[in-house]
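Below is one structure, written out as structure tokens, with a few remarks after it.
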């Protein structure tokens, strides 16, 4: 085994299939997307090279910045909700009664497909037969809003299922991270007279910090390129009030058949995600990572 | 030792996968090259791609198979190879295939705006020779024109639809309402219904083209067919006072609560279900809905028996007349320009269109674009009434989103949703339309 692994040719051979696949499926399309973004192309006929025109148009496109703002809002909400998930995970990890059951309940939404979740929430939000409005009506609200068709409400109405969908995922990650902390540390703190708050704040949080940083990046980038529930539930409507960057990209490329511009949006989206990831890494960088000792 | 063994195994697997992938490709190209002969009697394979999967469109699927079987029996040298996809997948695949110049010999296309880039890319073959042959005068007037660009026709339509307003007779009877003939009467009907807590009109405007129908009709009735057609073609303007007035009327309908609650967030299916449940009294939709109100056993019989239709009422002082319809052909068949079996493919299309016209109404509830002889068919009354209306039609305006090029169509649809949601004023609505159409893509 060791002999094989020290053979450079052998290593190359092992790496090659995966390398080829990832080149063909990920990196080459990225380069191609950037290139398509420099063209005017309806997807069928000939491409016309227009240089940076698409990117210039993008910078002045109100609809795009509007959708970027919606994506950013989603990212902010997702990151803020991580605090709640962390708190829930801490409670669950503290061996309360039924923690196992709760963990499973929180995880269920993650097992459902996005389209199933969308269908479920479409029914919950239905303007006349939905649960939300039935409850509101029985509580005495005469005219509850139609959640998915009010331009001011629709985005926030969509955030609820989106955040709900990923709650289980983050809770599970935090739970695992917290469970990894040796219980001897907690016991030592208890002997020194620390209360539960101090244990959570001074011991558990710093030790789970590396995981938290990763989840912040995941949540931010995942929100910026978010697409599925929005596509099924409102399709970016009404009138673009729930449009996000990814759905705008889809609409320009596949509805308006403007593949050049759509590709430009796609490439720009990638750049934004990279920049955001870099910023988050910088902001959360600490000189020395705390180790379990 | 262990590692080496696995390495070899992995490599073998990779090679096997690659070989399998290539193998299939080879098979495909063999098939098409063997189809290259043009002598009669030589084995010919025609590739036919369509969008009627067995599960979703059982009726259509059965007819297609029937026609193909018959055709192969009559032409033993011809094999028709089918590829079936769902609607959206079909559109995407067609795009991908056209980029690599591998379109099927015969396939399904939509009219006008959808067709245009394919014609400009020189991918579809003109089929005018078929139109002057056996199929001459077989089509309903105005249907093949939707597939014509610069005087040449690039596909033959299979479907034809117009959009009446369906209404629930039971609800109308309950509130002593008459079928409205004028727009004033129509507004009075809506008002009575909404005063009594019944939603007057079912509409699912998340899909946007549904709301477009309402605007199209109001525009047609107020400004007249010509003004609307000119504005869409770019020779006129959406700032025409009649067209702006139509947009205003849309908003005043919204203000009077004529549409079901939350229509801008509901899909067409959700909107329709309000009509099917008897919660909304009227529903403006294409004739493709007819099976639901006649033969579809899944819908309760007492509901089906209670559905009637009326023509969009005329507006007083407006330029449109009541026999002018919004509608259009649905899908049609194209023959690929680069097909190696073009002549055989055309012959198949001719045969298909003829047979489809004979079977589609009874077999799938689809109204064909070819003329139907109602006397020879045993049809529900609703169909017969609508066929008669079609024959009387003074003009047919093609659905705006089908007529416009893709980019302008998107602007139109988004603005329709904004107009209904009162996010734009009628003037802005017209402005945006003119801008998008002037851009010309």
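Yes/no matrix, rows are residues, columns are (1) in the same structural domain as residue B:114 (by TED's automatic domain parsing); (2) in contact (Cβ under 8 Å) with a residue 24 or more places away in the chain:
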{"position": "B:372", "(1), (2)": "yes, no"}
{"position": "B:376", "(1), (2)": "yes, no"}
{"position": "B:382", "(1), (2)": "yes, yes"}
{"position": "B:417", "(1), (2)": "no, yes"}
Report summary line: Those residues of segment B:420-433 which are facing chain A (nearest Cβ under 9 Å) and assigned to a helix (DSSP H, G or I) amount to B:420
Query raised in the report: Somewhere in segment B:163-176, is a residue under 26 Å from residue B:355 (Cα atoms) and either more than 14 Å from every other protein chain (Cβ to nearest Cβ) or assigned to a strand (DSSP E or B) (or both)?
Result: yes
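Here is a yes/no grid of residues against (1) buried (at least 17 other Cβ atoms within 10 Å of the Cβ); (2) part of a strand (DSSP E or B); (3) modelled with pLDDT under 90:
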position: B:362; (1), (2), (3): no, no, yes
position: B:413; (1), (2), (3): yes, no, no
position: B:416; (1), (2), (3): yes, no, no
position: B:435; (1), (2), (3): no, no, no
**Report entry** Elements of type helices (runs of 4 or more DSSP H) contained in segment A:68-180, each with 3 or more residues being at pLDDT below 90
**Finding:** A:99-111
Query raised in the report: Any residue in segment B:245-256 that is touching a strand residue (DSSP E or B) at 6+ places or on another chain (Cβ under 6 Å), within 14 Å of chain A (Cβ to nearest Cβ), under 26 Å from residue A:234 (Cβ atoms) and modelled with pLDDT of 95 or more?
Result: no
Query - Odd one out for residue B:81, checked against (1) closer than 22 Å to residue B:330 by Cβ; (2) at pLDDT 90 or above; (3) away from chain A (no Cβ under 13 Å); (4) touching a helix residue (DSSP H, G or I) at 6+ places or on another chain (Cβ under 9 Å) - result: (1)
Report task. Tell me which residues, restricted to segment A:189-248, are in a loop (DSSP other than H, G, I, E, B), at negative phi and within 14 Å of another protein chain (Cβ to nearest Cβ). Result -> A:234, A:237, A:238, A:241, A:242, A:243
Report task. Can you work out which of the residues in segment B:364-387 that are assigned to a loop (DSSP other than H, G, I, E, B) and at pLDDT below 85 is surrounded by the fewest Cβ atoms within 10 Å (Cβ to Cβ)? Result -> B:378
Report summary line: Restricted to segment A:14-47 and to residues being touching a helix residue (DSSP H, G or I) at 6+ places or on another chain (Cβ under 6 Å) and in a helix (DSSP H, G or I), the residue surrounded by the fewest Cβ atoms within 10 Å (Cβ to Cβ) is A:17
**Report entry** Residue tally, condition without any contact (Cβ under 8 Å) to a residue 60 or more places away in the chain, more than 14 Å from chain B (Cβ to nearest Cβ) and assigned to a helix (DSSP H, G or I), over segment A:48-67
**Finding:** 3
Report summary line: For residue B:138, the lone unmet condition from (1) in contact with a helix residue (DSSP H, G or I) (Cβ under 8 Å, 6 or more places away or on another chain); (2) over 23 Å from residue B:347 (Cβ atoms); (3) surrounded by fewer than 20 Cβ atoms within 10 Å (Cβ to Cβ) is (2)
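The values are calculated or read from the model by the stated rules, or taken from the named source; none is laboratory data. Predicted, not measured: the structure shown is a model, and the values here were computed from it. Because the Cβ atoms are built from the backbone with ideal geometry, glycine has one as well, and the counts that use them run over all protein chains shown.
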